[in-house]
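Every number here is computed from the coordinates shown, using simple stated rules; none is lab data. These figures come from a predicted structure and were not determined experimentally. Backbone-built Cβ (ideal geometry, glycine too); neighbour counts: all protein chains shown.
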Amino acid sequence: MLDTRPLERAMLAAFAELADGPVADLGCGPGHLTAHLHSLGLDAFGLDLSPAMIALAREAHPELRFDQGSMTALDLADGVLGGILAFYSVIHMPPDELPAVFAEFFRVLAPGGHLLLGFYAGDDPEPQEFDHKVTLAYHEPSPGLPALSRAPRGTVPAPPYVQYSGRGDGTTMHPSDRRNTR
């Protein structure tokens, strides 16, 4: 997949340079991005809700760690991750659940940790459901996920993060780039 997507490769390479410590690929699917992060020198592991996806990831990348679990209840101590990759995985969360998801992300990220999000951005002011080949998904309003700013952070500081979105038509855009979106 990354062979034909230079922007994604560049973002993942920049993320790998920034992350200091273990990195979780949350919603890892069959593990190809976890393996890519590992090839960039990161101590990366994957987590997915689907036992079938975890089985595929373990079969394809037996040298890496893949766990079955939910991003809403990570079995990790506070502040242990140098980075989180959530590439097109939060799109499957109902919008009203996103603040709790991001609170969990912030809980496990170390101070100064980084979060790289991939999601579909739309022009509507509210999230819009759409059928996805895996399960129901959502386009989020541009510029970015409003739920991120509503996530309760407690004493864990909000991490720096990079947003990345796709328009859902096979092209990509940065969420702040509103030109040529129709």
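So here's what we get for this one:
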read-out: Search result, residues across region 7-25 that are in a helix (DSSP H, G or I), of a type outside the set (Gly, Ala, Ser) and either over 17 Å from Tyr88 (Cα atoms) or touching a helix residue (DSSP H, G or I) at 6+ places or on another chain (Cβ under 9 Å) (or both); value: Glu8, Arg9, Leu12, Phe15, Glu17, Leu18
read-out: Within region 56-71, considering residues that are part of a loop (DSSP other than H, G, I, E, B) and not aliphatic (A, V, I, L, M), the one surrounded by the most Cβ atoms within 10 Å (Cβ to Cβ); value: His61
read-out: One residue from Leu85, Leu42, Leu74 being part of a loop (DSSP other than H, G, I, E, B), hydrophobic (A, V, I, L, M, F, W, C) and closer than 20 Å to Arg107 by Cβ; value: Leu74
read-out: Within region 98-119, tally of residues that are over 15 Å from the mean Cα position of the chain (by Cα) and among the acidic types (Asp, Glu); value: 0
read-out: Looking only at region 35-47, and only at residues there that are without any contact (Cβ under 8 Å) to a residue 40 or more places away in the chain and not small (Gly, Ala, Ser), the one that is surrounded by the fewest Cβ atoms within 10 Å (Cβ to Cβ); value: Asp43
read-out: Check on Phe106, out of contact with any Phe, Trp or Tyr (no Cβ under 9 Å at 6 or more places or on another chain) and either buried (at least 17 other Cβ atoms within 10 Å of the Cβ) or of a type in the set (Phe, Trp, Tyr) (or both); value: yes
read-out: Qualifying positions in region 72-92 - hydrophobic (A, V, I, L, M, F, W, C) and surrounded by fewer than 20 Cβ atoms within 10 Å (Cβ to Cβ); value: Ala73, Leu76, Ala77, Val80
read-out: Met53 of a type in the set (A, V, I, L, M), crowded, with 21+ Cβ neighbours inside 10 Å and either out of contact with any Cys (no Cβ under 8 Å at 6 or more places or on another chain) or assigned to a helix (DSSP H, G or I) (or both); value: no
